[in-house]
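Written below as structure tokens is the structure these notes are about.
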Amino acid sequence: MKRLLTLCLLSFLAQLTYAQVDGTYKNSIAIRGYSMVKLPKILDQSNSGNYVNTALNGVMLKFHDNQINFRLSGSYFSKNIDFSDTQKTVGKVSDYSLKLGFEKNFNYSTIQPYFFMDMGYRSNTFSGMVRNNLIVDANKDGFTLAPGFGIKINMLKELTFFAEGNAEFFYFMSKDESLNQTSNISDVSKYWKSQFLINPISIGLQFQFGSND
């Protein structure tokens, strides 16, 4: 009986190990179920703790080539934010990006750590109030470069769980329009600026398709 159970366990583990570690599938589509992202600064705020939690905010299409995967990703979210406790900032933020990159797997096992690099376009818009007296519309559009690390768990041949985090270099043109309600003075400014952001975690599911058989 023990031998039979051992054989069944080994067979099950062998199936797991086989899942998408030998180039069985040409392509994958990945859906981000949850992400924690850091927002760009709004005007001259300190940007300490400007993190938001998002759900179902991005998709990726991957093209497999052995241990290297090429990835095309897009993300979008729009939500109300409230940093009034620490930075007196409330309003609505909209953010979307389109990136092209690659990821390099470190092994062919069931649990696969990987490194990735994405680059592309990002747009960030905020409309709301800062410091209780400034009505602000802030738009940032520019180039983004995002290296990071992740881990994949190949649960089935067609299904993979992933978790990843990244640093992000954002170089953008900003247009800020503000109205001081106290003095009734308006101001418009345009400038180029860069910012370094940390996006701690993003998790989701990856579905394999397009068999090489």
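Counting the residues of the stretch 18-53 that are at pLDDT 75 or above, surrounded by fewer than 19 Cβ atoms within 10 Å (Cβ to Cβ), over 24 Å from residue 131 (Cβ atoms) and touching a Lys or Arg at 6+ places or on another chain (Cβ under 8 Å) gives 2. Of 109, 123, 127, all but one fail to be within 17 Å of residue 144 (Cα to Cα), among the small types (Gly, Ala, Ser) and surrounded by fewer than 20 Cβ atoms within 10 Å (Cβ to Cβ); the exception is 123.
Take residue 140 and decide whether it is closer than 21 Å to residue 53 by Cα, of a type in the set (D, E, K, R) and in contact (Cβ under 8 Å) with a residue 60 or more places away in the chain. So residue 140 fits the description; yes. Mind checking whether some residue in the stretch 192-203 is open to solvent by less than 40 Å² (accessible area, probe 1.4 Å), of a type in the set (A, V, I, L, M, F, W, C) and either within 28 Å of residue 113 (Cβ to Cβ) or assigned to a loop (DSSP other than H, G, I, E, B) (or both)? Scanning the stretch 192-203 turns up at least one residue that is open to solvent by less than 40 Å² (accessible area, probe 1.4 Å), of a type in the set (A, V, I, L, M, F, W, C) and either within 28 Å of residue 113 (Cβ to Cβ) or assigned to a loop (DSSP other than H, G, I, E, B) (or both). The number of residues in the stretch 50-65 that are of a type outside the set (D, E, K, R) and more than 13 Å from residue 202 (Cβ to Cβ) comes to 4.
Applying the selection to the stretch 64-101, what residues are open to solvent by 80 Å² or more (accessible area, probe 1.4 Å), over 24 Å from residue 44 (Cβ atoms) and of a type outside the set (Ser, Thr, Tyr)? If the condition is that a residue be open to solvent by 80 Å² or more (accessible area, probe 1.4 Å), over 24 Å from residue 44 (Cβ atoms) and of a type outside the set (Ser, Thr, Tyr), then 65, 66, 70, 98, 100 are the ones that fit.
Kindly indicate the residue of the stretch 32-67 that is among the small types (Gly, Ala, Ser) and part of a strand (DSSP E or B) and also farthest from residue 139 (Cα to Cα) among those meeting that condition. Among those residues, the one meeting the criterion is 33.
Name the pairs: first residue in the stretch 167-187 and assigned to a loop (DSSP other than H, G, I, E, B), second residue open to solvent by 60 Å² or more (accessible area, probe 1.4 Å), Cβ to Cβ under 9 Å, at least 6 apart or on different chains? Between residues of the stretch 167-187 that are assigned to a loop (DSSP other than H, G, I, E, B) and residues that are open to solvent by 60 Å² or more (accessible area, probe 1.4 Å), the close pairs are 181/132; 181/135. Residue-level check: of (1) in contact with a Gly (Cβ under 9 Å, 6 or more places away or on another chain); (2) open to solvent by less than 40 Å² (accessible area, probe 1.4 Å); (3) of a type outside the set (Gly, Ala, Ser); (4) without any contact (Cβ under 8 Å) to a residue 60 or more places away in the chain, residue 162 misses just (4). Taking into account only those residues within the stretch 117-127 that are free of Cβ contacts under 8 Å to residues at least 60 places away in the same chain and not charged (D, E, K, R), which is nearest to residue 84 (Cα to Cα)? Per the stated criteria, the residue is 127.
The values are calculated or read from the model by the stated rules, or taken from the named source; none is laboratory data. Predicted, not measured: the structure shown is a model, and the values here were computed from it. Don't worry about glycine lacking a Cβ; one is built from the backbone with ideal geometry, like all the others, and counts go over all protein chains shown. Heads up: the accessible areas ignore ligands, DNA and RNA and are worked out on the full protein's heavy atoms, side chains in. Shrake-Rupley method; radii C 1.70, N 1.55, O 1.52, S 1.80 Å.
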